[in-house]
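So the structure is just underneath, and the comments pick up after that.
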Amino acid sequence: MNEGLEVMASYTWTPENPEFNHIKQKLLEYYVTMNYANSQFSINAFERVARSLFVPNGQRSHTYNDNPLPIGHGQTISAPHMAFMECDALDILPGDKVLEIGSGSGYHASIAAEMCAPSNVKPQNWEPLTRYYDDSVYEAYREKWGQVVTVERLEPLVKYARKNIEKAGYADRITVIHGDGTMGLEAHAPYDKILVTAAGPEVPEMLKRQLRVNGRLIIPVGSKNFYQELLLVKREAEDRWTQHNIGGVVFVPLIGKYGFSD
Ligand code: SAH
């Protein structure tokens, strides 16, 4: 356990460098104005997860510029608002089992982990940025942790994501797996929520089938490297799904059997 942390559970969590507090607060206010922020858990997660740990060395000062940043291998860490919006729209709740396709830096997965398995460890003298942090609420979820499984096709990024997730203190809630996520991950199905962070030509059928009834899936669908629509899919019943278009986005391509070809 780190020096200066109140011991509340047997795991660690690395808080964000306070030098970013002001800009984080401003971004959160903007997300609320834009109606991106509907969940107390997404707000808490954005506040807590130290994005600066997921950004490559030399780019730290750009951590909260609200745009994607290169992480090597032609890939990017999504813009902060995109990670926030996707997890907020999924309405990830404590206890959920979440599948992510496209681990990249591991940031998105850590936001999802903080939502489905909220940290109950609080550094002394840490002032939360928003009114959403409430010890008593989060204390109640300690027994009810969910988990995140995230799939990445590029091996160097599997290692990069694992390393960042470890540093940020989420290795106890996230499993990073090397593979083609367009087929989902049958071994751990069904999932309450599926988060796709790369754009495909269509919604992969296998992902829809691996959702629990009442589960949600979010995925950008459209053309390769150009314009896509962010779709929120809900499994309403065993054989019924509904789909809602959240808006236009630009993501790196989802490459694989049920995605684009390389
Ligand atoms: N969630 C990431 C965003 C990464 S960008 C973050 O927070 O940083 C999208 C990622 O999807 C890239 O790392 C890319 O390699 C990966 N990807 C593309 N197609 C994939 C597939 N079929 N299966 C798994 N990962 C894939």
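The values are calculated or read from the model by the stated rules, or taken from the named source; none is laboratory data. Every value quoted in this text rests on a predicted model; they were computed, and no experiment measured them. We place every Cβ from the backbone using ideal geometry, glycine too, and count neighbours over all the protein chains shown. Quick note on the areas: whole protein, heavy atoms, side chains included, nothing else; ligands and nucleic acids left out. Shrake-Rupley method; radii C 1.70, N 1.55, O 1.52, S 1.80 Å.
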| Table column - 3J(HN,Hα) (Hz), the stretch 184-198, Karplus curve with 6.51, -1.76, 1.60, x for Gly and Pro | x, 8, 4, 4, 10, 5, x, 10, 6, 9, 10, 10, 10, 10, 9
| query | When the helix-only estimate is applied to the chain (DSSP H runs of n ≥ 4, each -39,500 (n - 2.57), divided by the residue count), what is the mean residue ellipticity at 222 nm, nearest 500 deg cm²/dmol? | reply | -7500 deg cm²/dmol
| request: Please work out the C-alpha center-to-center distance from the stretch 197-262 to the stretch 23-68 and express it in whole Å. | output: 24 Å
| query | Rounded to the nearest whole Å², what accessible area per residue is found for the stretch 11-92 with the 1.4 Å probe? | reply | 40 Å²
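How large a share of the accessible area of the chain, in percent, is made up of carbon and sulfur atoms when the probe is 1.4 Å and the other protein chains stay in place?
Details: 5660 of 11440 Å².
Accessible surface attributable to carbon and sulfur in the chain totals 49 percent.
Give me the accessible area per residue for the stretch 201-246, probe 1.4 Å, as a whole number in Å². Don't skip to the end; give the middle numbers.
On the way: 2530 Å² over 46 residues.
Each residue of the stretch 201-246 exposes 55 Å² on average to a 1.4 Å probe.
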| query | In terms of Cα to Cα distance under 18 Å, which lysines are near enough to Lys208, apart from those fewer than 8 places away along the same chain? | reply | Lys97, Lys193, Lys234, Lys257
| task | For Tyr191, enumerate residues with amide H under 5 Å from its amide H, sequence gap 5+ or separate chain, H modeled in the peptide plane. | result | Leu211, Arg212
| Could you give the semi-axes, largest first, of the ellipsoid that matches the chain, computed as the square roots of 5 times the alpha carbon gyration tensor eigenvalues and rounded to whole Å? | 27, 20, 18
| How far is helix 155-168 tilted off the main Cα axis of the chain, in degrees rounded to 10, range 0 to 90? | 30 degrees
| said: Helix 80-90 against the longest principal axis of the chain: what's the angle in degrees, Cα atoms only, rounded to the nearest 10? | reply: 70 degrees
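Loop sites only, by DSSP: take the GluC sites (Glu not before Pro) in the chain that have at most 15 other C-beta atoms within 10 Å and name the longest stretch containing none of them. Write down the numbers at each step before the final one.
Numbers: sites that count: Glu3, Glu6, Glu202, Glu238.
Formally, the longest exposed-site-free interval is 7-201.
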